Amino acid sequence: MRKFAILLLTLILSPLIAGVFGIIHDQLTYSISEEYYTKFKFYQFALVGDNGRLYIGNARIAAIYVGFMATWWVGIIIGLGHGLTGLIQRDHTVMKKVISKAILITLVTTLVVGLIGLAYGKLYLAHTGVSWPIPENVIDKSNYIAVGSMHNFSYLGGLIGLIAGMTYQIRVARLNRKSANIKSAALVRVPTKQQI
């Protein structure tokens, strides 16, 4: 029963963690390319009225909204993956600890892959061009492309991180089973010839 409580907690917390990650991510990327938001994301999330003004008065606040809304749902997928995989652990204490580490693995992987995407966008894509549409009125195309690349790579990083975190959980469960089997085998004594 305690394992299912941890599963439920994982399903509740993972979207919140993903949303906070998205907020921080988008505050960083907004600092790199405001135009990515003012000329694309704010329109994509229907935050701009017919008069061209934000419904939310402050662009930074709008970026917070975009960051949360663009990532919370990824947390559901991550929570399901880690929560269900966590059920294979021997008890609820191990499950809780291992899921926490798996989520951390996912976050770090997402961040690292996202930063690779930022560098790839800035150093390569900004010079070779991209197939996705860029509004004609974008002034700093290099940073716009770099931020777009980081966003795409971050989703990929989330997937890679989920797989890495689930793999970690499976390894821990196998090691714990192997350790338990060795301990139980040591408790079973085979009688020697002298005892027979």
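The numbers here are math on the coordinates, done by the rules we state, and not lab data. Just so it is clear, the structure is predicted and the values come from calculations on it, not from any experiment. FYI the Cβ positions are ideal-geometry reconstructions off the backbone, even for glycines, and counts take in every protein chain you see.
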Query raised in the report: Do we have any residue at all in region 87-99 that's surrounded by 17 or more Cβ atoms within 10 Å (Cβ to Cβ) and either hydroxyl-bearing (Ser, Thr, Tyr) or within 18 Å of ASP26 (Cβ to Cβ) (or both)?
Result: no
**Report entry** Selected residue (criterion: surrounded by the most Cβ atoms within 10 Å (Cβ to Cβ)) from residues of region 23-72 that are touching a strand residue (DSSP E or B) at 6+ places or on another chain (Cβ under 9 Å) and hydroxyl-bearing (Ser, Thr, Tyr)
**Finding:** THR38
Query raised in the report: Looking at this structure, is ILE24 touching a helix residue (DSSP H, G or I) at 6+ places or on another chain (Cβ under 7 Å) and within 29 Å of LEU162 (Cβ to Cβ)?
Result: no
Requested in this report: Only one of these is closer than 19 Å to VAL113 by Cα and either over 16 Å from the mean Cα position of the chain (by Cα) or of a type in the set (A, V, I, L, M, F, W, C) (or both): ILE78, ILE61, ILE56. Name it.
Outcome: ILE78
